[in-house]
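See structure below.
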Amino acid sequence: MLGLPKFFIVTKIIKKSASEVRMMLLTRKKIWELESRYHCSIIGICLSKYDVEKLARKFSYSPSGDEPYHHEHQLHIFLVSLSSEKSGESKFINKYLDKKYKNRVKEYTKLKDDDSIWELFLADMQNDRISGSYWAVMTHPSASEALIKKIYGKIHMLSHYIVPKHFKYKTKLQNLVEEAACLKDRMEKQYVEFMRREKELLTRIRELEKEAKIQASTKKLLNQMMHQWATNDNASQTQSKSDVKELKDGSWQATNNKRITNKEIKRLKKENLRLIHSLEKKEAVIEKLESETENIRKQIRFLKNELNKPTTSKVCSCKDKNTEKCPGPDLCGKRLLYVGGQNSLIPYYKKIAQKHGAVLFHHDGGKEVSVHRLPSLLSKADAVICPLDCISHEACICVKKICKKSGKPFIPIKSSGISSLAKCLEGFGERNN
C-alpha cells in the first residue's frame, strides 16, 4: 500500500468492520467503548477498595448515609456510571487501570487469537492474577465478542458460588465452639498428665544418678579385686570372677535403664511442645468463633427488638381505610410490592409491614423469578419498595420504568435491612398526605 493514494487507503479502512479496523491499527478498547453490562464487573474486580476511594476523592465525590457498606456501594455505582460515557473522568479511569496492570496488558498484547488468550487467562486464574488479566482481556484488540462473553460469564458465575459459602459458617458456628471447648479441656487434662509423668521421670532420674554413683564405686572395687587376682589361688580367682560378672551385669542394667528413661523424657517434652502449639491454635480459633458468635447475637437482638416494638396500628377502627385521607404511619391495608432484598429476611419484611397495617408481597428482582411477572404483580400493588443495595442495576431500572408507566409510587431505600424498611413504612403515610 506504499504506492497507493491516501484516499484509497482511507476507503479501504472504511469498508472494514470496527473489529477489523482495530486489528489493523492494533489499538486496545477503551472502557467507555465496552458494553455497559461489563462495567460493573470491571469496576468491582479490577479496582480495590483503596482504588475506588482514591478515584472518588479525585472526582470530588462524597457518598451519603452512615453505613460503611452503603458508602462502598454508592462509590461503586458512581464509577460504573462514569465509565459508560466518554469523558475526562472515564479517560482517567481507563488510564489508571492501564497503568496499574501494565505488565499483564503487555503480556496479553503478545497474543493474537482467542485460544491463546483463553489458555493464559485460565493459568492466571490458577495463579491468583485475575484482576489484571480480566482488564487485559476485556480491552484486548484481538479478543472476539464470543470470548469476552465466555470470560464474563465465568466471572459472573464465580461470584454467585462464592457468596453462599459465607453463610455456611453460620450453621457450623455452634458446633465449632463446642468442639473447640472440648479440645481445650482435653488438652488441659493431657498437660496435667504430662506434668505428673515428667515429675515422676525426674524422680527416676535422680534415682538413676544415685545408681550411677554406686556403679562408679563398684567399678573401683572391681579394679581392686583384679589386682588381688595376681596373688590369689585358682579357687579364689574363680570366685572373684563370678562376683565381678554379677557386678558388671548390674552396672549394665542400670546404664540401660538410664538410657531408656532419657529417651522417654525427650519424647514427652516433644509431645508437650506439640500439645502447647496445638492449644494456642485452638485458642485462636475459639477467639475468632466467639467474635463471630457475638456479631450474630447482636443481629438477632436487633431483629427481636424491632419485631417486638409495640404497634400503633388502627386498621380495624380507621374510618378512612383505603382512601386518600388515611392517617399517620398506619397504612390501612395498602398492598406493597418489595422487589429485591434478602430471601432469608422476607418473613421479617412481611411481619413489619403487617404491624403497620399493610400487606407486603415479594419479587426477587429476577434472580429466580422471571422479571416478566413484575407487571402482573405491580397491578395488584399500591406502591413499590426497592432496596438499592440488594438488586441488580437492570432490575431496578426495569421496576422504575414500569412504575412510571403505570403511575404507581416507586420508593427506593438505602439498604435491604429491617431498620431501613421500618423507617420507610413509618414515613409512608406522611408522604401520601
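For this structure, a couple of remarks:
- Here Ser64 clears all of (1) in a helix (DSSP H, G or I); (2) modelled with pLDDT under 90; (3) within 30 Å of Gly417 (Cβ to Cβ) except the condition numbered (1).
- The set of residues in the stretch 113-129 being part of a helix (DSSP H, G or I) and at pLDDT below 90 consists of Asp124, Met125, Gln126.
- Lys414 among the basic types (Lys, Arg) and closer than 27 Å to His39 by Cα: yes
- Selection from the stretch 349-385 of residues that are surrounded by fewer than 23 Cβ atoms within 10 Å (Cβ to Cβ) and within 26 Å of the chain's Cα centre (by Cα): Asp364, Gly366, Lys367, Glu368
- Pair list, Cβ under 7 Å, 6 or more apart: the stretch 22-33 residue of a type in the set (S, T, N, Q), other residue at pLDDT 90 or above and in a loop (DSSP other than H, G, I, E, B): Thr27/Pro141
- Which numbered condition Ala180 fails, given (1) small (Gly, Ala, Ser); (2) under 27 Å from the mean Cα position of the chain (by Cα); (3) modelled with pLDDT under 85: (3)
One line per residue, one yes/no per condition, for (1) in contact with a Leu (Cβ under 9 Å, 6 or more places away or on another chain); (2) of a type outside the set (Lys, Arg); (3) not in a helix (DSSP H, G or I):
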{"residue": "Leu111", "(1), (2), (3)": "yes, yes, yes"}
{"residue": "His156", "(1), (2), (3)": "no, yes, no"}
{"residue": "Ser159", "(1), (2), (3)": "no, yes, no"}
{"residue": "Gln190", "(1), (2), (3)": "yes, yes, no"}
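- Looking across the stretch 380-430 at every residue that is more than 30 Å from Ser159 (Cβ to Cβ) and among the acidic types (Asp, Glu), the one that is modelled with the highest pLDDT is identified as Asp382.
- Any hit, the stretch 124-145, residues being in contact (Cβ under 8 Å) with a residue 12 or more places away in the chain and touching a His at 6+ places or on another chain (Cβ under 7 Å): no
- Residues located in the stretch 397-424, provided they are part of a helix (DSSP H, G or I), within 28 Å of the chain's Cα centre (by Cα) and surrounded by 18 or more Cβ atoms within 10 Å (Cβ to Cβ): Ile418, Ser420, Leu421
The values are calculated or read from the model by the stated rules, or taken from the named source; none is laboratory data. Small disclaimer: the values here were computed from a predicted structure and weren't measured. Using ideal geometry, Cβ is built from the backbone for each residue, glycine included, and neighbour counts are taken over all protein chains shown.
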